[in-house]
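Reading through the structure tokens given below for one structure.
What follows draws every value from the coordinates through simple rules; no lab data is involved. Since the structure is predicted, the reported quantities are computational estimates derived from the model, not experimental observations. Positions of Cβ are backbone-derived with ideal geometry, glycine not excepted, and every protein chain shown enters the neighbour counts.
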Amino acid sequence: MSHTDRSELMDKIVSLCKRRGFIFQDSEIYGGQNGFWDYGPLGTELKRNVRDAWWQDMISRHDPLDAPEGAPAAFQMVGVETTIIMNPQVWKCSGHYDLFVDKMVDCKVAKKRYRHDHVNGRWIIGKRKSKEGETDPVRVFVTAVGEMPEITAQALAFFGLKKKYADRLEWEGEVISLTEIPVEEYSSVVGPDATEAGTLTEPRDFNLMFKTIIGALGTEDDTAYLRPETAQGIFVNFKNVVDSSRVKLPLGICQVGKSFRNEITPRNFTFRSREFEQMEIEFFCTPSESQEWYTYWRNRRYAWYIGLGIDKENLILREHHPEELAHYSCGTADIEYAFPFLSKGEYGELEGVAHRGDFDLRSHMEGKLKIGDDGELEVELNEHGQPKYRGSGKDLSYFDDQTRERFIPHVIEPSAGADRATLAFICEAYYEDEAPDDKGNMKTRVVMKFHPRIAPIKAAVFPLVKKDGHPEKAKEVYRSLKAAGINVAYDAQGAIGRRYRRQDEIGTPWCITIDGDTIENGTVTIRDRDSLEQVKVKVEDVTAEIQRRLNE
Ligand code: ATP
């Protein structure tokens, strides 16, 4: 698929999301808000199903009595729900207060701010055309927050050329990130929204945590932060959970909840939002076994997406190079999806699985850590030789009563984004084919091929006509499915083909039609969204049949 096809596909997906009530721009009637998104009725069901599938697979259906396939041992999994605003000391010790920064550059003229590593560009030489004539050739680095199509548009605008002259542009080298351009050369850089070169500032640090104030006084001492990740709520409760729950290591503590990051350049629909939801596991284990657990979680989390319908072709497990790793990490892998808003061959992160060693628990015991001269972690000191940020001073070590050993557990962290997963499932589900309409004419049919477990609506019930006892029987079937807790729709409007299409477009796996046969022989027709196969089932068996298919 070419870049244009991919971006056209993305446009279709975004428009379907709005038209059918999956995702809306936040506060849309006031013009929206960059980086914030709302979920409509179907999107809410879909995202809830994604979250529920994660919670069921990781916690409620987890069997702690035996080692699951591929796991080094049996283990326990429990959940917590912690606050969004935590004691600010948490963020000082975790490193977020000092280090949770992105480099940004400002455009002095366009009054815009960009994430340094999101700006791409390409060197180009050309004469600028205007009403006054042509300039001498200039060599500039033309940029965009995006890729080649956007950079080309920016270059055409800069040189005063019409779109049809795009092939006259004299490019030099390939597209590279602005991060590769030395600051001394910024006078030749044309910012993504600038009309002249040299308007970008040097890159500066920008902390991504949203600030807020606790209490009525509103002094600087009352400053607090909206959590940028749910993980820290788990670490600070590690001891509480172990002391209160009769759990033993290896142990996973899980949390689902909102996180907030003041992203400099939110973009790509919900992919990079400022408010989003995370599904995080902190898996605590013995240091000597941590490498094995890391491999286990990396593979298991990758398989989770495949099991819910993501094609292996579109999902990669990317092991970080040693130089990419955070200083405390012995291994990190990203699970990445080929989102259609990216170029072919590019992938966007759905989940990071990180081996974090004992970094987090130690930081909350001793204070903020840094790498010492000997390469080991040590407490960072201030100019008076005291810890820069004091830890809790609490003992967060674990005593293994079988080996009689006390140690600070190592942590494996599979950290997923609920919104990114939902978006990946939406992109993966989108499918177009040709099918005959009610008059027998071939028409494009849009089908969202969601895995039945995450489909917002599982089944739809159609009375063929609004008479002859069809509606009465249809309501009976509908209510029986509802009573079984199955999310089911009822549609009596329009030709049957139109009703099928409406359900196909929102990904309902099964449509159940009540017709003359139902009244005469007591059977209904169940039609499958993907195979289009139709089977007859007895009215009294419909609910059990749908339940069976859902559990398949
Ligand atoms: P990125 O490099 O894309 O900014 P990250 O590596 O900072 O992501 P993590 O800190 O590892 O992300 O967060 C874990 C998960 O949380 C990500 O894999 C992603 O699914 C989700 N996530 C992080 N930032 C955002 C965001 N701005 N919008 C939506 N989801 C996000």
**Message:** Could you order the peptides 402-408, 336-342, 311-317 from most to least packed, using the average number of other C-beta atoms within 10 Å per residue?
**Reply:** 336-342, 311-317, 402-408
**Request:** Take every Cα-Cα pair in the chain and report what % of them are more than 45 Å apart.
**Result:** 29
**Prompt:** Does a label point 7 Å from the Cα of Arg19, set along Cα-to-beta-carbon, have any residues of the stretch 29-46 with amide nitrogen under 18 Å, and which are they?
**Reply:** 40-43
**Request:** With only Lys, Arg, Asp and Glu charged, each at its Cβ (+1 for the first two, -1 for the last two), find how big the charge dipole of the stretch 457-550 is about the Cα centre; round to the nearest 20 debye.
**Result:** 300
**Asked** Lys388: which lysines have alpha carbons under 16 Å from its alpha carbon, excluding same-chain residues fewer than 8 sequence positions away?
**Response** Lys92, Lys368, Lys370
**Fill in**
Share (percent) of C-alpha pair distances in the stretch 97-193 greater than 24 Å works out to 23
**Item:** Under the Karplus curve 6.51 cos²θ - 1.76 cosθ + 1.60, θ = phi - 60°, whole-Hz ³J(HN,Hα) for the stretch 474-479, x wherever Gly or Pro sits
**Value:** 4, 5, 4, 5, 4, 5
**Message:** Using 10 Å bins from zero, what percent of all Cα-Cα pairs in the stretch 226-296 falls into each bin?
**Reply:** 18, 37, 28, 16, 2
**Fill in**
Here the Kirkwood hydrodynamic radius of the stretch 457-550, Cα-based and in Å, equals 12.9
**Complete:** For Asp52, Asp374, ascending order of other Cβ atoms within 10 Å (fewest first) is Asp374, Asp52
**Request:** Please sort 385-392, 293-300 by packing, taking for each peptide the average over its residues of neighbouring beta carbons within 10 angstrom, highest first.
**Result:** 293-300, 385-392
**Request:** Distance between Cα centroids, the stretch 423-492 to the stretch 307-376: provide it in whole Å.
**Result:** 39
**Request:** Let me know the Kirkwood hydrodynamic radius for the stretch 425-502, please, with Cα pairs as the basis and the value in Å to one decimal.
**Result:** 14.1
**Asked** So between Glu405 and Leu9, what do we pick up on full extension, going 0.36 nm a residue minus the alpha carbon distance?
**Response** 136.9 nm
**Asked** Principal axis lengths of the stretch 269-352 from Cα atoms, whole Å, largest first?
**Response** 41, 28, 26
**Pairs beyond 29 Å (Cα-Cα), from Lys12/Lys111; Lys12/Lys312; Lys12/Lys103; Lys18/Lys108; Lys449/Lys536** = Lys12/Lys111; Lys12/Lys103; Lys18/Lys108
**Asked** Taking the alpha-carbon centroid of each part, what is the distance from the stretch 105-128 to the stretch 176-214 in angstrom?
**Response** 8
**Item:** Alpha-carbon centroid distance for the pair the stretch 30-48 / the stretch 229-288, whole angstrom
**Value:** 22
**Request:** Would you mind ranking Leu46, Leu396, Leu16 so that the residue whose beta carbon has the fewest other beta carbons within 10 Å leads the list?
**Result:** Leu16, Leu396, Leu46
